[in-house]
Amino acid sequence: MVPVASIERAYSFAGADLRIGERDSAKVAGFDFGNSPTEILEAEVPPNSTVALSTTNGTRVVEAARGGRAILTGAFVNAGALAEDLAAGTYAGAEVVVVGCGWEGRRASEDEAAAGAILHRLRSRGAELDGRARRVAEGYLSRSVRTLRNNSAARRLKRLGYERDLEFCLAEDTVPVVPRLVGEAFVGGVAAVEQPRESSARGPTQKAKISS
């Protein structure tokens, strides 16, 4: 899966088997799919397909993050798998920045809650959170799923007929895959999610903070 910031880049990307993307949550005209996970799952996309993806917020954040030691993507659905991957040893002692994509440059409660889910799981595995990251993790623990089912993003998806996607995207730890940017494309590896470990069982303390 190749993330591209613009619709034009997705159209012109040579070698794409499929083009997936949305603007303002609606499918881009001429693309094979919008950004609906349930729609894509039901379509049974052939394995090893090359997909050009462009979204309102996420792919632009990926572009901005290029140059980092590693870029991985996470959400509610793979929060545990991502935390386990980060805590597995490869990144021991590294500073981890969790970036919430937001919506058109503004904070989004669903993205902040998902960031909190990831940070909470990192803390359970011995990571040291900075002050803001701790607040986001605590906000995740205190925010009800009902609130997320009725926020502005949820209402927008419902208007567009994507209500099924809400339940899919708000379910936690259902996808054991951690997409990792390799070159210009994300590739996914299946992660084995283990129980949280004490920090004394690991190497140098990992530090995590939040960015938006």
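The values are calculated or read from the model by the stated rules, or taken from the named source; none is laboratory data. Note that the coordinates shown come from a computational prediction; the quantities given were computed from them, not determined experimentally. In this analysis, Cβ positions are derived from the backbone assuming ideal geometry, glycine residues included, and neighbour counts consider all displayed protein chains.
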- Which residue pairs have Cβ atoms closer than 7 Å, lie 6 or more positions apart in sequence or on different chains, and pair a first residue in region 8-22 that is within 10 Å of Thr59 (Cβ to Cβ) with a second residue that is part of a helix (DSSP H, G or I)? Gly21/Ile7; Gly21/Ala10
- Message: Checking the condition closer than 29 Å to Glu22 by Cα and outside the structural domain of Val4 (by TED's automatic domain parsing), which residue from Ala127, Ala87, Ala83 passes?
- Response: Ala83
- Note on the structure: For region 136-151, the count of residues that are touching a residue at least 24 places away in the same chain (Cβ under 8 Å) and either in a helix (DSSP H, G or I) or outside the structural domain of Ala113 (by TED's automatic domain parsing) (or both) equals 7
- Task: Could you run through region 4-57 and say how many residues are charged (D, E, K, R), more than 18 Å from Tyr162 (Cβ to Cβ) and surrounded by 19 or more Cβ atoms within 10 Å (Cβ to Cβ)?
- Result: 1
- Can you give me the number of residues within region 93-135 that are free of Cβ contacts under 8 Å to residues at least 60 places away in the same chain and part of a loop (DSSP other than H, G, I, E, B)? 4
- Among the listed residues Leu122, Leu129, which satisfies the condition of being buried (at least 22 other Cβ atoms within 10 Å of the Cβ) and either in contact with a Lys or Arg (Cβ under 8 Å, 6 or more places away or on another chain) or more than 21 Å from Thr174 (Cβ to Cβ) (or both)? Leu129
- Task: Return a yes/no flag: does region 152-166 have any residue that is free of Cβ contacts under 8 Å to residues at least 24 places away in the same chain, under 18 Å from Ala83 (Cβ atoms) and either assigned by TED's automatic domain parsing to the domain that holds Ala113 or of a type in the set (Lys, Arg) (or both).
- Result: no
- Task: Please find, within region 62-82, the residue that is surrounded by the fewest Cβ atoms within 10 Å (Cβ to Cβ) out of those that are modelled with pLDDT under 95 and among the small types (Gly, Ala, Ser).
- Result: Gly67
